[in-house]
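A short write-up of the structure that comes next.
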Amino acid sequence: MEKLSKLPHKVLFYFGFCVVLFFIFLSFWQYTSYQNDKVALDKFENTYQPTPINISQLYLNNSDTIFEFNSVEITDNNNLTPIRVWYLRSRVNNGQNGYNLITLYKEIYSNQYLLVNNGWIPLDKNVTKTFTYQEISFTGRLTEYDKQTLGQDDISNSEYLFRIDKEFIENEENIVLPDYYLTLTEGCGSGVECIDLQKPFDAPHLSYALQWLFFAICLCIVILRKNKIL
């Protein structure tokens, strides 16, 4: 303690090490994001071949086939009829603003439903006039619903959504949805661009983690040398 009290640059020492701890926190956060993304990408790499399933299997939630990002093909798609369409706001693709087209389907012989993210469309595209001209393949990846956060709330009876919120859509339509919705990866419809779900998980988090750690080490050296400890 006596040595610390005689430091020539006390402010730099104490403030500097607070900044070092912050850099280390950022490094740890980026490394954790890298680990989480690696798990997600492994799911993509191990499930390229679509698993044939029907709507009823989605409701059963068999963990061998029903899990996030599993590639599936809905086999009873001929029995599905669209009953509602929404535009998911604020979706950007290659720097261009647009929406994701969200469609709710009902299985005609049961009281079961499938929510589908058909893909991205530009702001000025009226998809409802062109969408039906191309047959939908119903091949895609199972996706978890969005979590409710602070921000704008979805509006009842609107054709627009801010998020794909399971509870909101169930209350809106008075239905029960399976625990995952389907994001199409091929055959997304005329005028609709399929979504690359892997892209957000291919971020350079590990590089950023090493970068923040490097900054922390450099600042430590500066602080110690300025205070003649190193």
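Bear in mind that the values in this text are calculations on the coordinates, not laboratory data. Quick caveat: nothing in here was measured; it's all calculated off a predicted structure. Cβ sites come from the backbone with ideal geometry, for glycine too, and all protein chains shown count toward neighbours.
Just a few scattered comments:
- Glu186-Phe15 pseudo-label distance in nm [points 7 Å out on the Cα-to-Cβ vector]: 5.9
- Segment Thr75..Asp124, full-extension length gain: 14.3 nm, with 0.36 nm per residue of separation and the alpha-carbon distance subtracted.
- Segment Ser90-Glu170, extension gain: residue separation times 0.36 nm, minus the distance between their alpha carbons: 26.6 nm
- Inter-label distance, nm, simple model (7 Å from Cα along the C-beta direction), Gln211/Lys147: 2.5
- Total formal charge among the other residues, if their Cβ is under 14 angstrom from that of Cys218, Lys/Arg +1 and Asp/Glu -1: +2
- Coordinate range along principal axes, alpha carbons of the stretch 52-197, Å, largest first: 37, 34, 26
- Dipole of the stretch 52-197 computed with +1 at Lys/Arg Cβ and -1 at Asp/Glu Cβ about the Cα centre; of Trp86, Gly191, Tyr180, farthest Cα towards the positive end is Gly191.
- In this structure, the amide hydrogen of Asp76, modeled 1.01 Å from its nitrogen in the peptide plane, lies closer than 5 angstrom to those of Ile55, counting only residues at least 5 positions away or on a different chain.
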